[in-house]
Amino acid sequence: MHKLLFLILLLPSLLLSQSVRGTFSPAEDFTHAFLYQATPDGATYINHGKLDDTGSFEIALDSTAAPGIYKIVYAVPAEQNNFDFIYDGKENVAFNFNLETGVEFTASEENKLWSSYLNSMAMVNQTISNYYASNKDDKEGFNSIFKVAKDTQAAYEESANGKIVSAFINANKPYLPNEYEDVSTYSQNLKDNFLSQIDFSNYMLQCSTFLVDRVVGYVFNIVENPSDNTYKNLVNDVANTISDDNAAIKTSLLEILWQRFVSLDNHELANYITDQYLLELANKVGNIAMAEMLVSYKNTSIGALAPNFEIASTEMTTSLHNLNGSQHYLLVFWSSGCGHCLNELPKLKELVADKPNLKVIAFGLEDGPMNWSQEIKKYPEFIHTIGLGKWENKTVKTYGIAATPSYFLLDSSKLIVAKPYEFKDLEVILTNL
């Protein structure tokens with residue numbers, strides 16, 4: 001009986017044999033650490049730990065915690081305040097995290113090996129940079145430096161053999177010339193081989209931020225002052241490097257590049273990615289929402305002809321493209337149930353009062369006409385039309401409306417000339433109109 005009791009008491013410790021623990025500093029800047037298991041499609045919540053007064057926490061991992069890539073989120077927004085780590089299913093993971101210096105692993109050979117490798121290769125790369133910066137034609141020095149680089153890479157590959165981290169060390173293998181190269185030749189070869197060692201089908205790489213960091217770094221950091229044509233060639237390199245057999249990860253990585261160009265207001269590059277690769281890939285993997293988003297963005301990019309729609313009210317039945325007599329048109333998507341809209345529309349009315357060459361077209365996103373028909377009485381100067389079905393309305397989807405109010409400034413030909421995100425941006429544009 002005593003033996004049975006002993007086994008029952010021992011069982012929880014067997015099931016909870018590993019843990020993730022860490023210390024955050026300064027402690028007062030943090031409250032919780034959230035643990036996720038990363039997947040190629042996102043991350044699955046596992047557990048969280050409340051930090052004590054010293055900034056420390058510990059989360060026990062049971063026997064069902066599979067080896068793989070995990071993520072610690074320590075603040076919001078989560079996408080900007082997190083880091084990945086490797087869990088091999090055998091070792092505890094422990095780290096210290098500081099806002100200034102980042103993360104340092106104190107337990108887990110996998111993570112310590114990866115950190116050591118990155119630090120060693122950073123020193124090698126600095127030595128290479130110093131060599132070329134010296135402008136010396138020293139072939140003996142060149143051979144010595146790159147021998148160290150080759151030996152360092154080989155040593156870490158050997159140490160990582162059989163470990164999860166081997167996928168990362170192999171994928172990060174730098175270009176290593178076999179004979180002397182001047183700085184121009186070396187730089188070109190470095191660029192040409194930047195993505196060559198990566199196995200985009202590797203599940204662990206897909207789960208981590210490695211592929212994203214590598215692809216974004218290639219497109220945005222490898223060439224100084226790139227033109228749009230240069231960007232297109234870099235995007236082509238990425239797309240051509242990833243096999244169509246890896247359609248899901250190819251779609252994900254190209255979408256990230258698309259989003260980056262969208263955030264930079266580079267409509268030409270965003271739409272180039274859509275036309276050349278991403279729309280076809282979205283349809284191939286069955287991502288209907290992405291396909292609709294891409295088409296909506298393209299249809300409403302600056303310089304595009306605003307998609308036409310019917311305008312039906314008690315005063316007229318026409319369409320957007322048939323309106324005439326004004327130099328500019330301001331299309332505003334709003335809703336009678338939207339507090340921001342009810343706050344901004346009176347300001348908009350005042351803002352356009354002295355602009356006779358500007359007509360406002362107010363498109364109401366509504367479930368029914370009752371409240372809308374009362375609200376529009378306050379704005380007799382506007383051209384009103386209602387979009388029943390609200391977010392599911394065909395025109396709303398065509399324009400990719402995700403929030404109200406949303407503004408589009410059109411010229412007399414109904415070409416989109418501006419897409420102010422906030423009312424203060426609209427004020428600046430209309431003041432200078």
Got a number for residues in the stretch 88-128 being of a type in the set (S, T, Y), touching an Asp or Glu at 6+ places or on another chain (Cβ under 8 Å) and open to solvent by less than 30 Å² (accessible area, probe 1.4 Å)? 1
Identify the residue in the stretch 143-166 that is open to solvent by less than 60 Å² (accessible area, probe 1.4 Å) and part of a loop (DSSP other than H, G, I, E, B) and, among all such residues, is farthest from Y132 (Cα to Cα). I164
Output the residues belonging to the stretch 167-178 that are open to solvent by 60 Å² or more (accessible area, probe 1.4 Å) and either hydroxyl-bearing (S, T, Y) or at pLDDT below 95 (or both). N178
Restricting attention to the stretch 211-236, report how many residues are of a type outside the set (V, I, T) and open to solvent by 50 Å² or more (accessible area, probe 1.4 Å). 8
Quick test of your reading of the structure: Y329 fulfils all but one of (1) at pLDDT below 95; (2) at negative phi; (3) open to solvent by less than 80 Å² (accessible area, probe 1.4 Å). Name the failing condition by number. (1)
Would you call L365 among the hydrophobic types (A, V, I, L, M, F, W, C) and out of contact with any Ser or Thr (no Cβ under 6 Å at 6 or more places or on another chain)? no
Among the listed residues L257, L211, L269, identify the single one that is in contact with a Leu (Cβ under 8 Å, 6 or more places away or on another chain), at negative phi and part of a helix (DSSP H, G or I). L211
Is it the case, given these coordinates, that D199 is without any contact (Cβ under 8 Å) to a residue 40 or more places away in the chain, in a loop (DSSP other than H, G, I, E, B), open to solvent by 20 Å² or more (accessible area, probe 1.4 Å) and among the charged types (D, E, K, R)? yes
Candidate set from the stretch 30-50 (those that are farther than 15 Å from I86 by Cα and open to solvent by less than 40 Å² (accessible area, probe 1.4 Å)); member that is modelled with the lowest pLDDT: G42
Could you list, in sequence order, all residues of the stretch 46-79 that are among the polar types (S, T, N, Q) and over 29 Å from S166 (Cβ atoms)? T54, S56
Note: among N308, N343, just one is part of a loop (DSSP other than H, G, I, E, B), at pLDDT 95 or above and open to solvent by 30 Å² or more (accessible area, probe 1.4 Å), namely N308
Does the stretch 366-402 hold any residues that are surrounded by 20 or more Cβ atoms within 10 Å (Cβ to Cβ), under 29 Å from the mean Cα position of the chain (by Cα) and within 14 Å of C338 (Cβ to Cβ), and which are they? V396, I401
I'd like to check which strands (runs of 3 or more DSSP E) are fully inside the stretch 53-110 and have at least 1 residues that are among the basic types (K, R). 68-73
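The values are calculated or read from the model by the stated rules, or taken from the named source; none is laboratory data. Computed from a predicted model, the values in this text were never measured in an experiment. Because the Cβ atoms are built from the backbone with ideal geometry, glycine has one as well, and the counts that use them run over all protein chains shown. In case anyone asks, the SASA skips ligands and DNA or RNA and just uses the protein heavy atoms, side chains included. Shrake-Rupley method; radii C 1.70, N 1.55, O 1.52, S 1.80 Å.
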